[in-house]
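A.B. asks: I am attaching a structure below and will ask some questions about it afterwards.
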């Protein structure tokens with residue numbers, strides 16, 4: 001039976017629009033059922049179901065009234081039918097009645113589907129897969145580092161968006177620009193850290209972490225390997241002074257003293273990465289004491305301090321790479337040797353790894369090939385017996401180095417450890433030494449000291465055969481590994497020598 005509809009619906013534009021809308025709707029339903037029942041959901045399927053096909057559906061629906069309007073205008077010009085300024089709905093007319101029923105039922109289904117689809121679309125755009133996989137080539141470094149971070153089970157939006165409608169809208173507007181940049185290929189390489197647009201730590205980190213309760217001290221065990229023929233193991237045990245020695249004292253001392261609720265630390269940075277800090281202000285909120293420290297090597301004559309932003313120090317000023325930390329080769333090779341991924345018994349493997357990983361590569365594939373070729377050639381030329389009879393050790397070393405490389409270095413996006421400073425510690429980056437460098441002095445003569453024992457003490461250090469050990473409540477004087485350093489390190493910053501390619 002032919003369904004009678006108003007004369008204005010009888011045009012190609014409305015017919016094409018209705019066809020597009022119906023096909024899109026049934027494709028959405030079909031793909032939604034497939035993804036729900038068979039568990040075939042992924043970032044690209046979600047993009048089609050919740051963004052691409054709904055856009056096509058809405059386009060088709062828009063074409064229907066556009067076609068009807070054009071048809072009405074043409075009919076008026078041809079003097080077909082009575083001239084009326086506004087549409088008339090007459091339910092006694094079967095054509096109008098059919099159109100009204102189709103519109104009512106269709107609108108109800110559309111609104112219901114829109115509600116379900118909107119809900120699913122919201123969760124899809126908030127998912128880790130959407131953030132990390134959709135723009136795979138661009139976001140691969142961030143997504144890979146995130147998966148190997150302590151926050152791998154925390155959704156991206158928990159930190160990057162947080163709660164609140166205003167931040168949600170802001171993040172989506174920012175996302176639109178990012179889509180535009182990816183489409184046109186204008187994404188910076190490497191992607192810049194959005195320091196200025198980050199939410200305060202109290203609205204993100206402190207949703208889970210309660211810094212005022214991090215009182216206890218912590219023992220930290222580290223294994224390093226020297227660049228000698230035997231890959232000599234150098235162990236060190238540190239007592240990290242996260243808080244006071246006795247928890248009842250609260251945050252009166254230790255690393256987390258900086259966020260003591262009775263203390264306010266403010267600073268000014270002269271660069272966008274906040275690596276250079278010429279000015280620090282300490283305020284004791286209980287006593288009202290205020291001390292202003294200025295870096296004597298960066299006086300106000302060189303830098304106009306009044307033009308710089310004054311920031312209150314929070315968690316992110318130190319913990320600035322909590323989920324996207326790209327480890328330097330000196331660290332990830334040490335870890336791989338300790339974990340057995342790289343055989344420690346292979347002579348000079350630490351040296352060989354550091355030598356090849358210091359090079360710049362054009363792509364990941366070329367890096368994999370160059371790493372393999374370099375290590376094979378090195379052992380073939382210098383250790384022919386190992387190359388001939390213990391080739392399996394070399395193969396295992398190459399595999400381990402390549403695996404760690406792919407977790408931390410991404411040539412296509414020009415991402416590696418030295419483009420994103422990590423402010424925890426002070427080895428490969430300034431970190432603590434941005435302020436604690438003996439150069440920040442107040443007019444009263446107070447100094448922000450470069451005293452390692454403020455943050456940690458050494459309980460053991462040395463090789464396995466000559467390990468120095470002391471009790472937990474006492475400390476050892478730091479002994480620099482190797483015999484060619486002497487006491488030079490005492491007058492330098494670690495970062496002056498440690499580039500990420502040192503032991």
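The values are calculated or read from the model by the stated rules, or taken from the named source; none is laboratory data. This structure is a prediction, so every number in the text was calculated from the model and none was measured. In this analysis, Cβ positions are derived from the backbone assuming ideal geometry, glycine residues included, and neighbour counts consider all displayed protein chains.
A.B. asks: Taking the condition of being modelled with pLDDT of 90 or more and either part of a loop (DSSP other than H, G, I, E, B) or in contact with a helix residue (DSSP H, G or I) (Cβ under 7 Å, 6 or more places away or on another chain) (or both), how many residues in segment 439-451 meet it? Steps first, please.
C.D. replies: Pass one, segment 439-451, residues modelled with pLDDT of 90 or more: 439-449.
Those still in the list that are either part of a loop (DSSP other than H, G, I, E, B) or in contact with a helix residue (DSSP H, G or I) (Cβ under 7 Å, 6 or more places away or on another chain) (or both) too: 439, 443-446, 448-449.
Selection size over segment 439-451: 7.
A.B. asks: If you take the residues in segment 241-272 that are closer than 10 Å to residue 217 by Cα and in contact with a helix residue (DSSP H, G or I) (Cβ under 7 Å, 6 or more places away or on another chain), which one is surrounded by the most Cβ atoms within 10 Å (Cβ to Cβ)?
C.D. replies: Result: 243.
A.B. asks: Collect the residues in segment 257-315 that are outside any loop (DSSP other than H, G, I, E, B), free of Cβ contacts under 8 Å to residues at least 60 places away in the same chain and under 13 Å from residue 442 (Cβ atoms), keeping them in residue-number order.
C.D. replies: Let us first name the residues in segment 257-315 that are outside any loop (DSSP other than H, G, I, E, B), namely 257-259, 263-268, 279-284, 290-295, 305-307, 310-312, 315.
Narrowing the set further to residues that are free of Cβ contacts under 8 Å to residues at least 60 places away in the same chain leaves 257, 259, 263-266, 268, 279, 281-284, 290, 305-307, 310-312.
Of everything in segment 257-315, those that are outside any loop (DSSP other than H, G, I, E, B), free of Cβ contacts under 8 Å to residues at least 60 places away in the same chain and under 13 Å from residue 442 (Cβ atoms) turn out to be 279, 281, 282, 283, 290.
A.B. asks: Test of understanding: among 323, 399, which residue is in a loop (DSSP other than H, G, I, E, B) and in contact (Cβ under 8 Å) with a residue 24 or more places away in the chain? Lay out the reasoning, then the answer.
C.D. replies: On the way: 399 fails: in a loop (DSSP other than H, G, I, E, B).
Going through 323, 399 in turn, the sole match is 323.
A.B. asks: Further, regarding this structure: Would you check if residue 421 is in a loop (DSSP other than H, G, I, E, B) and more than 30 Å from residue 269 (Cα to Cα)?
C.D. replies: Values: in a loop (DSSP other than H, G, I, E, B): yes; more than 30 Å from residue 269 (Cα to Cα): no.
Answer is no for this residue.
A.B. asks: If you go through segment 216-240 one residue at a time, how many are surrounded by 18 or more Cβ atoms within 10 Å (Cβ to Cβ), within 32 Å of the chain's Cα centre (by Cα) and either not assigned by TED's automatic domain parsing to the domain that holds residue 455 or not in a strand (DSSP E or B) (or both)?
C.D. replies: Residues that pass the stated criteria total 2.
A.B. asks: Take the residues in segment 470-494 that are outside any loop (DSSP other than H, G, I, E, B) and modelled with pLDDT of 85 or more; name whichever of them is farthest from residue 425 (Cα to Cα). Walk me through how you get there before you give the answer.
C.D. replies: At the first step, the residues of segment 470-494 found to be outside any loop (DSSP other than H, G, I, E, B) are 476, 488-491, 494.
Filter once more, keeping what is modelled with pLDDT of 85 or more: 476, 494.
Details: 476: 19, 494: 10 Å.
Selected residue: 476.
A.B. asks: Would you be able to say whether some residue in segment 136-154 is in contact (Cβ under 8 Å) with a residue 60 or more places away in the chain, over 21 Å from the mean Cα position of the chain (by Cα), surrounded by 11 or more Cβ atoms within 10 Å (Cβ to Cβ) and part of a helix (DSSP H, G or I)?
C.D. replies: Looking through segment 136-154, none of the residues is in contact (Cβ under 8 Å) with a residue 60 or more places away in the chain, over 21 Å from the mean Cα position of the chain (by Cα), surrounded by 11 or more Cβ atoms within 10 Å (Cβ to Cβ) and part of a helix (DSSP H, G or I).
A.B. asks: So which residues in segment 273-299 are surrounded by fewer than 14 Cβ atoms within 10 Å (Cβ to Cβ) and farther than 20 Å from residue 426 by Cα?
C.D. replies: 284, 285, 286, 287, 288, 289, 290, 296, 299
A.B. asks: Just the residues that are exposed (fewer than 14 other Cβ atoms within 10 Å of the Cβ), more than 11 Å from residue 61 (Cα to Cα) and at pLDDT 80 or above, please, taken from segment 4-31.
C.D. replies: If the condition is that a residue be exposed (fewer than 14 other Cβ atoms within 10 Å of the Cβ), more than 11 Å from residue 61 (Cα to Cα) and at pLDDT 80 or above, then 12, 26, 29, 30 are the ones that fit.
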